[in-house]
Every structure is written in C-alpha cells, then in structure tokens.
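Presented below is the structure to which this report refers.
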Amino acid sequence: MAYLSKSLSWKRILLVFFLPVVLTGLAPRYDNFKSPARFSWSRLSPFKLKNRTIGLSTVINARGKPYFTLEGHKFMIVGGSMHYFRVPREYWKDRLLKLQACGFNTVTTYIPWNLHEQEKGKFDFSDILDLETYVSLAASVGLWVILRPGPYICAEIDLGGLPSWLLRYPESKLRTTNKSFLEAVDKYFDHLIPRILPLQYSHGGPVIAVQIENEYGSFYRDKDYMNYLKKALLKRGIVELLLTSDNSDGIHFGSVQGALATINTQAFVEDYFIKLRRMQTDKPIMIMEYWTGWYDTWGSMHHAKNAKDVQHTVSRFIKCGFSFNMYMFHGGTNFGFINGARQESQHLAVVTSYDYDAVLTEAGDYTEKYFMLRKLFASSSGTSLPPLPRLTPKTVYPAVIPSFYLPLFDTLPYLNKPVTLYTPVTMENLPINNGSGQPFGLVLYETSICSGGRLLASVHDSAQVFLNNISIGILDEHRKILNIPKIQGCQLLRILVENQGRINFSWNIQNEQKGLNEFISINKVLLRNFTIYSLDMKMSFFNRLRLATLRLAPEYYIGPAFYWGTLNVGFSPKDTFLDLPNWTYGFVFINGRNLGRYHSIGPQRTLYLPGPWLHPEDNEIVVFEMINKGFYIQTTNKPQL
C-alpha cells in the first residue's frame with residue numbers, strides 16, 4: 001500500500017499485524033465460495049419460494065464472515081438495472097427474459113416521482129409508468145426486485161426525479177427536512193407505498209429490498225433527512241431489507257442506522273471495500289452500482305467501456321463473494337423531455353439515448369458484454385442458463401420527405417389559451433395545470449416594444465429572440481445581452497425558451513427554474529405585459545394542431561416550424577432508427593409520441609423508434625425543427641450513437 005513507510009514506525013506495526021484481518025473479508029475465496037460450482041444464485045426464484053417467513057437477511061458464519069440469506073438459504077444478489085420508464089411497455093418481458101437468460105437473478109429500478117406526479121396531486125401509473133405490472137412481470141419470469149423509490153433518484157433524469165412543481169416554492173429546500181418539502185414527500189409516499197406493499201417478499205411478491213433515497217452522502221445538507229425517510233418507509237409498511245447507496249466519498253454521510261450501506265463504483269477498488277467493511281463489520285459487501293458504461297451529453301464524445309474489463313471486474317466480485325448490481329444492464333431511452341443534465345462550465349444536457357454502453361443495447365440487442373457475462377455466470381453458478389430469447393427484428397423503411405409544414409407562430413391560435421401576466425415567470429410558475437406550472441418543453445413569451453436598444457434577460461436554458469417573425473439572436477446562460485435594432489412604431493418581441501433538461505445532481509437543483517424571469521429590460525427599462533404560451537407538446541397538443549390548415553412544405557426554411565410526413569411501414573411494423581442527416585436541432589414525434597431530441601452536434605445521430613409504437617401501413621411523423629429545415633428523414637437498422 002502507498003501509505004506504508006520504509007521505517008518500522010508504529011503505523012507500520014499496526015498495518016503489518018492488523019491489515020490482514022481487515023483484508024480477510026476480501027480474500028478471493030469466501031467459505032461459501034471456495035468453489036463457484038458449489039453455489040447457485042439462480043436456484044432461489046419467486047415462484048419456487050412459496051412458504052415465506054424470512055426475507056433477505058444478513059448473517060455471519062462460524063469464521064466471522066457475513067453473507068446474505070433468503071429464507072435461510074445462502075444468497076448472492078446478481079442484479080441488473082433496467083428502468084421501466086425508459087423501455088416500451090411492450091418490451092418489458094423481452095428485456096427481463098434477456099436479463100434472466102444472462103444469469104442475473106435480480107432486477108433493480110428507480111421510481112421517478114417527477115413522471116408519476118407531473119401535476120401536483122394527480123398520479124399516473126399507466127402505460128410505460130405501470131410500476132406494479134412491471135414488478136409482477138419480473139416475478140413471473142423468475143426475478144427478484146430491488147426498488148429505489150427516492151424521492152430523489154438522480155438517474156440522469158430531469159431534476160433527479162423530483163417534480164418541477166417543487167421549484168415553485170423558493171423556501172422549500174429540496175432533499176432536506178424542510179417542512180414543505182417533506183409534506184410533498186409524505187403525500188407522494190402515501191400514494192406510492194401502498195402500491196409497493198403487496199409486492200414485497202413477505203406478501204408473496206418479488207421485492208426483497210428497498211433503497212432509501214440515493215447517494216445522499218454526495219449531497220449531505222441535513223443530518224436528520226435520511227432517518228426521516230427511513231421512518232417514512234417503515235411506518236407505511238415496508239418490511240424488507242432497507243439499504244443506502246453511495247460512492248466511496250459519501251458512504252459515511254449517506255448511510256443511516258438500520259439500513260445496509262452499499263457502494264457505487266466504476267471498478268474493483270479494494271480500498272472502497274475496506275472502507276465499507278470497517279463501517280459495518282458484520283454485514284456482507286454489496287455493490288449497488290457497478291457502472292457498465294456511462295451516459296453521453298450533447299457535444300461530447302460517446303462513452304464506451306471495454307467488455308473484458310467489465311468481465312474481469314465482475315469475476316473478482318464473484319470470487320470475493322460480493323453481491324452486486326450492474327448499472328445499467330439495459331439503459332433504454334430518454335423518451336420525450338425526461339433527460340437530465342449536469343453543470344460544468346456550461347449546461348450539458350444528457351442525450352436522448354440512455355444506451356449507457358450497457359450489457360443490452362438501447363434497442364434490446366445482445367452485446368459482447370452480454371455473452372462474456374453469460375459465460376462467466378454459467379460457470380460460476382454451476383447451473384445451465386435459460387435459452388437466449390430471440391432478437392427483436394430491425395428493418396429499414398423508405399425515406400420520408402415532409403409534405404406539409406406550419407411555422408411555429410402560425411400554430412398559436414390552436415394552442416391552449418395563453419397566460420397574460422404583467423411580468424414574466426418561469427415555466428414552473430405559470431398558473432396552469434391546477435397550479436403545478438409546466439414541467440417540460442418550451443415556453444413562448446411575447447410583449448410589445450416601441451424602441452430598440454440593449455436587451456438584458458436571464459433565460460434557462462436557451463432562447464431564440466424574434467422581432468415579429470424575424471430572428472434577431474440567441475440568449476442562453478452565458479449570453480444575456482442582445483442588441484435590438486431600431487424599429488418604427490411598436491412591434492412584437494418574441495422569446496422562445498427551451499428547457500433542455502434540469503440538472504440531476506448537486507445542490508444546484510434548488511435553482512433549476514426554466515424559462516424567463518421577471519428581470520427583463522431594454523435600456524434598463526423593465527418590460528411588462530406579457531402573453532405567454534405553454535408549448536408542452538403532449539399528445540393533446542398535436543390533436544389541436546390537426547385542426548390547422550397546413551401549408552405545402554418549402555424546400556428551404558429557417559426558423560422554428562413543424563413538418564408533417566407519412567412513414568409507411570407495411571403490415572408488420574418493426575423496430576427501426578430514425579436518421580435526420582440534414583436537419584439541425586429539434587424533436588421527432590411519431591403518432592403523437594415524443595421520441596426525443598436530435599442535435600447535429602452529436603454524438604448521437606439516430607433516434608430509436610420501437611416497432612410497437614407504429615401502426616400497420618401509414619404513420620404520422622412530425623418534426624419540430626427549431627433552426628433550419630432538412631430535406632428528408634431516413635431510417636436504418638443500426639443505431640449511430
């Protein structure tokens with residue numbers, strides 16, 4: 001070790017005599033793992049264990065080595081993360097079967113509060129958000145489940161999974177014991193936890209553990225917060241093993257008495273496990289997140305992780321008898337506007353694909369990592385694995401040339417009634433959606449000005465500025481000033497602001513309001529009397545647009561506009577990937593479903609289009625291009641990430 005001195009100091013004496021004791025728990029072979037073939041982690045499954053008395057527990061053997069048990073049997077958690085809200089519902093079973101066929105025995109998932117309660121007090125657990133069906137489906141294919149209900153989850157999702165309406169209340173300090181924040185958490189848990197209770201192991205379900213919050217040690221602002229959440233789960237009836245999840249730096253601050261502390265890591269780092277063992281000497285080591293890859297942000301390089309490195313690290317976990325969860329087994333897609341962001345020198349939005357260079361691709365295809373891990377798991381568990389499920393077929397469809405279009409400003413009569421306010425407010429503070437504001441999308445601000453000059457405005461995240469219908473510049477977090485040209489008479493100033501994804505990590509989540517605030521001025525004179533349009537681009541939004549009279553699409557057009565085309569897929573729709581090679585920046589909607597953002601700066605070039613979201617024969621495809629019209633939309637059977 002690097003900290004051993006050359007002289008025989010007291011520190012060295014302690015290390016010589018006592019370090020081997022600490023490392024005993026990290027030896028390549030535990031008692032229960034002297035031979036990998038002796039231990040089968042797949043023989044205990046939800047439909048085999050019918051008579052249940054003791055759920056997931058920790059015990060210590062005669063030699064003082066801790067391990068997990070399930071119903072009294074030695075048990076190793078071999079988990080893989082897969083988020084139901086990032087995978088088309090029609091493919092849940094396919095992905096879960098592929099998880100099981102690889103040799104995993106557990107699936108883990110976050111639960112996104114911001115998607116389940118977009119509007120305060122109105123809960124959605126339907127379609128792709130049907131948590132109970134997803135968990136029950138996992139049990140039906142023989143998998144155990146670990147749930148990670150937050151309230152904060154990170155997950156590279158908008159605001160780390162916290163609903164945007166929490167930002168309406170400046171006094172509410174997120175992720176603390178602040179009264180208004182905890183009141184919102186309690187009301188959410190009052191609705192969520194009763195859905196989880198019958199899914200617990202003790203009630204015959206597959207849920208063997210529940211995580212308290214997520215990586216709080218990296219945020220740590222309130223010493224009482226984690227204990228409050230633990231009690232909130234217990235008093236509502238959670239009886240299964242509780243755990244926390246942190247990186248090595250945050251593990252002391254993020255843990256709470258009465259819950260198993262687990263660790264997140266990118267590699268096998270022995271010091272991390274020594275640290276964890278010292279914290280809880282009587283508990284087995286579990287890696288809650290072993291990162292199989294990483295997420296991408298727009299304008300950055302695509303991340304990839306060597307398959308042999310992943311296999312080697314996992315084999316070391318197994319030899320040490322560590323339980324582990326691979327984040328991600330299957331990443332899926334940030335459909336719609338759900339992507340998060342991180343803040344460095346600038347705002348970096350997470351791309352639409354959440355492929356993550358995971359074990360299974362974004363579209364559910366096998367990878368080199370999958371086959372290497374499957375071989376490792378088969379030899380280590382000493383059992384034969386289920387046969388591989390079939391690949392989901394991919395295809396190429398004829399290119400689509402948009403036939404019709406509408407400039408953004410021509411769509412305004414077909415939108416919901418705009419809000420008129422004396423001063424502008426951010427999207428979260430708009431008086432819409434029963435007082436919940438607008439969670440995602442864009443907002444258009446309009447006001448009349450009678451002179452040009454120096455425009456000063458603070459926008460988040462990015463804005464296009466127009467004088468009537470003419471683009472005159474861009475505003476963003478770094479560009480707050482724009483010179484307005486001299487004008488004759490009074491004209492319409494329009495500012496189109498896009499929420500490109502709220503950051504999902506760090507204390508800065510407190511200040512992630514999006515849109516335009518009240519301090520907007522020309523030549524130091526504050527602007528007043530705004531008309532504000534909410535552009536949430538939900539299904540109902542496009543239903544209203546279908547009432548409009550569309551124009552024939554021109555060959556060239558600069559500025560924000562909607563373009564309509566028809567994608568013909570024949571009688572048997574299959575998965576494909578959309579490629580927009582000569583478009584610049586915007587979103588694609590198929591039959592009203594938002595596939596997500598495209599951006600010419602990359603790294604992602606294609607958008608995943610699931611076959612189940614297509615109708616036989618003709619499908620409506622709408623492109624909202626914000627900058628410069630392209631010529632066509634093509635498809636491919638291979639992604640370009």
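The values are calculated or read from the model by the stated rules, or taken from the named source; none is laboratory data. Please read these numbers as outputs of a predicted model, since none were measured by experiment. Don't worry about glycine lacking a Cβ; one is built from the backbone with ideal geometry, like all the others, and counts go over all protein chains shown. Note: areas computed on protein heavy atoms with side chains; ligands, DNA, RNA excluded. Shrake-Rupley method; radii C 1.70, N 1.55, O 1.52, S 1.80 Å.
Pop the C-beta distance of GLN266 and ASP410 into the FRET formula with R0 = 51 Å and round what comes out to the nearest 0.05.
Efficiency computed from Cβ-Cβ geometry: 0.55.
Pull up the cross-link candidates among the lysines for LYS120, meaning alpha carbon to alpha carbon under 28 Å and not fewer than 8 places away within one chain.
LYS173, LYS179, LYS187, LYS223, LYS230, LYS231, LYS235, LYS417, LYS514, LYS538
Quote to one decimal, in nm, the extra length available between ALA548 and GLU620 on full extension: 0.36 nm per residue of separation minus the C-alpha distance between them. All intermediate terms of the calculation are to be shown ahead of the outcome.
Working: separation 72, 0.36 × 72 = 25.92 nm, distance 1.52 nm.
Full-extension gain reported as 24.4 nm.
Normalized C-alpha radius of gyration of the stretch 67-137, against 2.2 N^0.38 Å?
Normalised Cα radius of gyration, the stretch 67-137: 1.32.
Between the stretch 226-284 and the stretch 602-641, what is the separation of their alpha carbon centroids in Å?
After rounding, the separation between the Cα centres reads 42 Å.
For the stretch 65-98 and the stretch 344-418, write down the distance between their C-alpha centroids in whole Å.
20
In whole angstrom, how long is each semi-axis of the equivalent ellipsoid of the stretch 63-188, when you take the square root of 5 times every eigenvalue of its Cα gyration tensor and sort them from largest down?
For the stretch 63-188, the ellipsoid semi-axes come out as 31, 20, 11 Å.
Compare the peptides 200-211, 499-510 by average per-residue count of other Cβ atoms within 10 angstrom and give them in order, highest first. Numbers along the way, then the final one.
On the way: 200-211: 21.7, 499-510: 20.1.
Order by mean packing, descending: 200-211, 499-510.
Any idea how far apart THR584 and ASP124 come out in nm if each label point goes 7 Å out from Cα toward Cβ?
Going from the THR584 label point to the ASP124 one covers 3.1 nm.
Report the full-extension gain for the segment PHE519 to HIS478: residue separation times 0.36 nm, less the Cα-Cα distance, to one decimal in nm.
Gain on stretching PHE519 to HIS478: 13.2 nm.
Which FRET efficiency value, to the nearest 0.05, do you get for LYS538 and ARG221 by plugging their Cβ-Cβ distance into 1/(1 + (r/R0)^6) with R0 = 35 Å?
0.55
If I take R0 = 22 Å and measure r between the Cβ atoms of HIS73 and THR383 in this structure, what FRET efficiency does the formula 1/(1 + (r/R0)^6) give, to the nearest 0.05?
That gives a FRET efficiency of 0.95.
Which angle between 0 and 90 degrees, to the nearest 10, do you get for helix 307-320 versus the longest principal axis of the chain when only C-alpha atoms count?
Once rounded, one gets 40 degrees.
Could you name the lysines whose alpha carbon sits less than 20 Å from that of LYS65, not counting residues in the same chain fewer than 8 places away?
Correct list for LYS65: LYS34, LYS74, LYS275, LYS283, LYS319.
Show me the ranking of peptides 94-101, 475-482 by mean Cβ neighbours inside 10 Å, starting with the highest.
Output ranking for 94-101, 475-482: 94-101, 475-482.
For the stretch 547-641, what does the relative contact order come out to in percent, with C-alpha contacts under 8 Å and a separation of six or more?
RCO, the stretch 547-641: 43 percent.
For the peptides 233-239, 609-615, what is the packing order when you average, over each peptide's residues, the other Cβ atoms within 10 Å and list the highest mean first?
In decreasing order of mean packing, 233-239, 609-615 become 609-615, 233-239.
Per the chain: cysteines with no other Cys C-beta under 4.7 angstrom?
If one checks each Cβ against the other cysteines of the chain, CYS102, CYS154, CYS320 turn up with nothing under 4.7 Å.
So which lysines pass the test for LYS394, namely a Cα distance under 24 Å, with those fewer than 8 places away in the same chain ruled out?
Hits, sequence-local ones excluded: LYS93, LYS98, LYS369, LYS574, LYS638.
Please list THR297, THR177 in order of solvent-accessible area, largest first, computed with a 1.4 Å probe with all protein chains present. Let's see the in-between values first.
Working: THR297 0, THR177 50 Å².
Order by accessible area, largest first: THR177, THR297.
Counting pairs of alpha carbon atoms under 8 Å apart in space and at least six apart in sequence, what relative contact order in percent does the chain give?
Values: 1502 pairs, mean separation 90.4, N = 641.
Contact order relative to length: 14 percent.
Helix 225-235 sits at what angle to the longest principal axis of the chain, using alpha carbons and giving 0 to 90 degrees rounded to 10?
Tilt relative to the chain: about 70 degrees.
Once the Cα atoms of helix 179-196 and of the chain are each reduced to a long axis, what angle between those two axes, in degrees from 0 to 90 to the nearest 10, is obtained?
Result, in degrees: 70.
Return the distance in nm (one decimal) between the two label points of a simple spin-label model at LYS50 and MET279, each offset 7 Å from Cα along Cα→Cβ.
4.1
Any chance you could check the Cα centroid distance between the stretch 483-529 and the stretch 443-482 for me, in angstrom?
About 7 Å separates the Cα centre of the stretch 483-529 from the one of the stretch 443-482.
With an 8 Å cut-off on Cα pairs and a minimum separation of 6 or more residues, tell me the relative contact order of the stretch 88-244 in percent. Mind showing how you got there, number by number?
Details: 228 pairs, mean separation 37.6, N = 157.
Here the relative contact order equals 24 percent.
If you work out Cα Rg over 2.2 N^0.38 Å from the coordinates, which of [x] 1.09; [y] 1.44; [z] 1.03 do you get?
Recomputing Cα Rg over 2.2 N^0.38 Å here picks out [z].
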